[in-house]
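Worksheet for the structure shown next.
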Number of protein chains: 2
Amino acid sequence: MTIQEAKTIFRANIAKLKALHHAMGILSFDGATGAPAESAEGRGKTLGYLSGCAYEIETSKELLEAANYLKAHSGELSAQDAREIEVFLRRNEYTASIPREEFVGYVTLLNKADAVWHKAKLDSDFAAFAPLIKDIFATNVRFAKYYKPDQAPYDTQLSRYERGLTMEKTDAFFNALKERIVPLLKKVMAKPQIDDSFIWGKVYPTEIQRKFTDYLLEVITVDRNRCGVGETEHPFTTFFNKKDVRVTTHYHEENPVYSMYSVIHEGGHALYELHSGDELEGTLLSGGVSMSVHESQSRFMENYVGRSRPFIELIFPKMQELFPEQLKGVTAEQMYLAVNKAEPSLIRTEADELTYALHVLVRYEIEKGLFDGSIAVEELPRIWNAKYKEYLGIDVPDDRRGVLQDSHWSGGNVGYFPSYALGSAYGAQMLAKMKETVDVDAAVASGDLRPITGWLEAHIWKYGKLYDPMELLEKAVGAPFDPKYFTDYLEEKFTRIYNL
Amino acid sequence: MTIQEAKTIFRANIAKLKALHHAMGILSFDGATGAPAESAEGRGKTLGYLSGCAYEIETSKELLEAANYLKAHSGELSAQDAREIEVFLRRNEYTASIPREEFVGYVTLLNKADAVWHKAKLDSDFAAFAPLIKDIFATNVRFAKYYKPDQAPYDTQLSRYERGLTMEKTDAFFNALKERIVPLLKKVMAKPQIDDSFIWGKVYPTEIQRKFTDYLLEVITVDRNRCGVGETEHPFTTFFNKKDVRVTTHYHEENPVYSMYSVIHEGGHALYELHSGDELEGTLLSGGVSMSVHESQSRFMENYVGRSRPFIELIFPKMQELFPEQLKGVTAEQMYLAVNKAEPSLIRTEADELTYALHVLVRYEIEKGLFDGSIAVEELPRIWNAKYKEYLGIDVPDDRRGVLQDSHWSGGNVGYFPSYALGSAYGAQMLAKMKETVDVDAAVASGDLRPITGWLEAHIWKYGKLYDPMELLEKAVGAPFDPKYFTDYLEEKFTRIYNL
């Protein structure tokens, strides 16, 4: 074999894998958007077949030999090519550790789980979803053991989302957050609460909210020729290549703020994918490097940009133009305060910046318990509700607004949740660094966000998966990760807003 | 090999083909609905890869050997199994006659053509689309010659859509129509025209039209748990299995009647697919047998049901409820006359029943000319416009409303158009037969269409592809095909409406 031959084999197989994952991604996206209710079974069969094809290619002797040959000659490869081989071999090690039938079975299980979860959530029927959760977690534990037999399965799982992450590190991270957030929240709760009643008691028609979505995506510079918008039960972003990204939202006619922040959040994910370096396109290195870094970008847009005073001042005239009756007499300042109201609530995706990490903590602790066996699936509603009482001081009225609210477990995103809190903290550290050279508030106020997106593109987006997540973050901010930027940000912001 | 072994091989490969076609179908459906503008290139690559996989499976030695073995032992197979082998071998004969690269190249060409056509239509820019038409027709001629070297390529093409159809038969059919329709239209045009001005000059908001769509599909008994609705430039129906069918429509805010008849038409296609026999599911025999029979079902719902007086009387109260201001003071009778106004017009999909076949005739003659070389692609706009002048007496103002209006050529549906006129005629003969045992008007008036759908299911839908189209029609109506039922229907209806 020559290097050129090995490269040709490698590229051809990666192209096939990309095509299969593109098709599977579109099938899943369609399943969450336009597909009729009874379509799940047929989709499951097709996903099962395609994932089997992907498994065979990814674990084929031909591809593995080519990759190993290239690894042995990595000194003769460009840095990018060498990195791609490394990323492939890591991925292959995981995939090849799982027997084919189980790999395919998991894909069809998730397809079924998605349909069951949708219905169970609507009906607030935990018992209907419980067997699927059990199966999904058991599968993840089993896969983690296949892959790293000598490691705690949840450590393996965390590290799949954020390379190098462990329970020890995650515990330390959440402890650092709790230490600052819990007393801060107490002080906030002792103050008179922000009045956001002006938002409620009105109807914000979906078709007008759709126009608001278009406007928001334009403001945050999402290129709509490369980004579609769908409507789903749970907002998400999916991506097939840098010319084809999709975000989704969920419209609540009683309050346009929910969809507004879903759109800005998912738009942040979209921007990351849309600005992956051109030279990475078609390789395994295109697109976001990890879910924590991805969440750092989405929560950057959602919170550090989207919940800032200049942003609300920028967009409020448009909001009032779209909802003239509903927002009559309201000021931008009132809206700014309303979108920053901090108060324990039931739904993670609708939580304020201050309490958000506590929602994530509940999920992290539950996943840990499900992985080590200290929590049984049957106990989930009780434990969920007890933790919401403990950390957030509120009573969960039903499972729809409790343990069934998120789509992550049904989607197999087990071990994902810490990414949200880590991402928020990464983002805060990026914001601090960015402010050394960019007048962030002035850029937002001007309506031209390019100084901000330009920084993110130059330091994060364009690199795709060229560096491991922590390496990328340290390169971008010039220092090791430190959650204090996030807690400092929260303390400064909420002290100011609540006159603490 | 044993029969059981051959069957197992056959079934496993058909399942793979079904999965690949499902994935390709979803990719194309997504391309026409939610996909962003620049996504075509990536989708083309994926479609190219998947179609190559399908080609390899369909023409594989393994599958072909199993199928030939089963054919040789067809006496030992059930009638259904024997028929499926026959259908597969016919299809294989066509596919295997085309070199792999050309087969795949055509799929990516069509993906590109779809995007180019969309833009060309919006811009009324024929020159942009012309090279694609040229390429698509040239490919179809070439493929037809690969498949049947000794036959006129357009005969081959017609027969692919409607087994046994030839230019000779199609000419005779259109001549029979022209003979009756042209003088009838002349008489109609000499009468005072129906006043449909009450529809115009108002806005019918898309979000209300969406509710009207839901209502109409319910009336015609489409099961929405198995049928999704999308919005596209050109309405169409696509189907993946009998639990997953999609119809699309296009909303024109100035007139709700356009989308109304698109929805009923596509709903007719959907019903056919949704009621294919359960025992056919997963085989090559599930779903509609030919495009003419498909169009007979869609145009049955659209015209014989949807444009009947009892149907308008049935749905008009709902229409008025949804559009109370827009239709204030209008009567069901006025609406009935308006939706049956016969007058030469520019757009096929919006044409009345009487002139519709003339729109199809224009396209048939043009396709024939493109196939035999007597028409060059460059001349298309001129010839299109001249034929509209000749047959319909009207001037085509631009290519958007002329030669660029349909999505068929960009979709590779070359030779499809005659199906619409044939389908209308098949449907009229079914209607006459159905009336021997079903009081069609009374069923429509009652709002319970099941006597009608029950007849269609029992005589057409449930059989899938078990019989060739002409055989199925003759079985259903108990006589050979005769276009006089269609022309009689038109003459009776328009004589009555226009007091001829």
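Annotations for the structure displayed:
- Label zone at B:GLU65, where the point sits 7 Å out along the Cα-to-Cβ direction: the range B:85-129 residues whose backbone N lies under 19 Å: B:89, B:92-93, B:96
- Efficiency of FRET from Cβ geometry, B:HIS21 and B:LYS211, R₀ 30 Å, rounded to 0.05: 0.35
- Note on B:ASP488 and A:ARG450: the model spin-label points, each 7 Å out from Cα along the C-beta direction, lie 7.2 nm apart.
- Other copies of A:ILE394: label-to-label distances in nm, shortest first, labels 7 Å along the beta-carbon direction: 5.9
- Relative to the current alpha-carbon distance between A:LYS134 and A:ARG91, full extension at 0.36 nm per residue lengthens the span by 12.9 nm.
- Label spacing, shortest first and in nm, from A:GLU76 to its equivalents in the remaining copies (7 angstrom along Cα→Cβ): 5.6
- Sorted shortest first, the separations between the A:ASN175 label point and its copies elsewhere in the assembly read 9.4 nm; each point sits 7 Å from Cα along the Cα-to-Cβ line.
- Per-residue Cβ neighbour counts within 10 Å put B:SER124, A:SER292 in the sequence B:SER124, A:SER292, beginning with the fewest.
- For A:GLY478, net neighbour charge (Lys/Arg +1, Asp/Glu -1) across residues whose Cβ lies under 14 Å away: -1
- Full-extension gain in nm, B:ALA127 to B:GLU56, via 0.36 nm per residue minus C-alpha separation: 22.0 nm
- Take the Cα of A:GLU350, step 7 Å toward its Cβ, do the same at B:ARG496, and the gap between the two points is 5.5 nm.
- Taking every full run of DSSP H in chain A, the ones that stretch at least 18 Å from end to end by Cα along their long axis and average -1.0 or higher on the Kyte-Doolittle scale are A:3-32, A:40-58, A:79-96, A:100-123, A:126-147, A:167-190, A:206-219, A:256-274, A:309-322, A:353-372, A:418-434, A:484-498.
- Cα-centre dipole for the protein assembly as shown with unit charges at Cβ (Lys and Arg positive, Asp and Glu negative), debye to 20: 300 debye
- Lysine pairs within the range B:3-128, Cα separation less than 30 Å, 8 or more sequence positions apart or different chains: 18
- Dipole of the range A:167-498 computed with +1 at Lys/Arg Cβ and -1 at Asp/Glu Cβ about the Cα centre; of A:PRO451, A:ILE383, A:SER276, farthest Cα towards the positive end is A:PRO451.
- Pairwise label distance in nanometres, A:ASP278 with B:HIS73, each label 7 Å out on the Cα-Cβ vector: 5.9 nm
- A simple charge model with +1 on the Cβ of Lys and Arg, -1 on the Cβ of Asp and Glu and nothing else charged puts the dipole of chain B at about 220 debye relative to its Cα centre.
- Between the range A:250-306 and the range B:354-421, the alpha-carbon center distance in angstrom: 46 Å
- Once the Cα-Cα distance is subtracted from the 0.36 nm per residue extended length, the B:ARG163 to B:ARG401 segment shows a gain of 82.5 nm.
- Which of B:TRP461, A:TRP200 has the fewest Cβ neighbours within 10 Å, and the rest in rising order: A:TRP200, B:TRP461
- Among A:SER419, A:GLY329, A:THR95 - extreme Cα towards positive end, dipole of chain A, charges at beta-carbon: A:THR95
- Straight Cα distances below 20 angstrom link B:LYS328 to the lysines B:LYS202, B:LYS211, B:LYS318, with same-chain residues fewer than 8 positions distant left out.
Every number in this text was worked out from the coordinates using simple rules, so none of it is lab data. Quick caveat, the model's predicted, so the values are computed rather than measured. With ideal geometry, Cβ positions are generated from the backbone for all residues, glycine too; neighbour counts draw on all protein chains shown.
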